[in-house]
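The values are calculated or read from the model by the stated rules, or taken from the named source; none is laboratory data. All values derive from a computational prediction rather than experimental measurement. No Cβ is skipped: glycine too gets one built from the backbone with ideal geometry, and neighbour counts run over all protein chains shown. Protein only, heavy atoms only, side chains kept; ligands, DNA and RNA dropped before computing areas. Shrake-Rupley method; radii C 1.70, N 1.55, O 1.52, S 1.80 Å.
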Amino acid sequence: MTIHARRDVPALPDLVFNAAADPARLASWLPDPYQVVGRTDDVLILRANGEPHQVSLAADYDQLLLTWEPLAGHGCRGELRVSLAGVAGSVAELQVDDCPDDQLPSRLLEALANEVEQNLTAG
């Protein structure tokens, strides 16, 4: 099953995308029960509900497109696209496949928007 979510964010697309695509920043806003417990250049090791999961990430900074695939066959697959909306705003669109949690996309976008609004656009 494919789940779609969309969220407006009052920040430029590059700022929103960088918060999502940078593994160090991702670790600061990823919502419960997900935690980043390790990473390499293109693989994140996540813990969810006590179980480790490895996810392969691919970030296209020209298209502002982040995709991920679960490794070892369990976990969600998805893509995040960020685009300009208005003069200084963005829209983040998330599509997730094979995810048992149908609220995950909206929770992820809400957490990403909160991170950008509270920590990256202040001042």
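At a glance:
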read-out: Output for the stretch 50-73, where each listed residue is surrounded by 15 or more Cβ atoms within 10 Å (Cβ to Cβ) and either at pLDDT 95 or above or of a type in the set (Val, Ile, Thr) (or both); value: VAL55, LEU64, LEU65, LEU66, THR67
read-out: Looking only at the stretch 4-19, and only at residues there that are under 11 Å from SER90 (Cβ atoms) and touching a Phe, Trp or Tyr at 6+ places or on another chain (Cβ under 9 Å), the one that is surrounded by the most Cβ atoms within 10 Å (Cβ to Cβ); value: PHE17
read-out: Selection from the stretch 74-123 of residues that are under 25 Å from ALA48 (Cα atoms), touching a residue at least 60 places away in the same chain (Cβ under 8 Å), open to solvent by less than 50 Å² (accessible area, probe 1.4 Å) and assigned to a strand (DSSP E or B); value: LEU80, ALA92, LEU94, VAL96, ASP97
read-out: Filtered residue count, the stretch 1-29, keeping only those that are aliphatic (A, V, I, L, M) and touching a helix residue (DSSP H, G or I) at 6+ places or on another chain (Cβ under 7 Å); value: 9
read-out: LEU46 being in contact with an Asp or Glu (Cβ under 8 Å, 6 or more places away or on another chain) and more than 13 Å from VAL9 (Cα to Cα); value: no
read-out: Residue in the stretch 26-45 that is crowded, with 17+ Cβ neighbours inside 10 Å and in a helix (DSSP H, G or I) present; value: yes
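Residues checked against (1) more than 21 Å from ILE3 (Cβ to Cβ); (2) over 15 Å from the mean Cα position of the chain (by Cα); (3) among the acidic types (Asp, Glu):
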position: ALA21; (1), (2), (3): no, no, no
position: LEU26; (1), (2), (3): no, no, no
position: TRP29; (1), (2), (3): no, no, no
position: VAL36; (1), (2), (3): yes, no, no
position: LEU46; (1), (2), (3): no, no, no
position: GLU51; (1), (2), (3): no, yes, yes
position: CYS76; (1), (2), (3): no, no, no
position: ALA88; (1), (2), (3): yes, yes, no
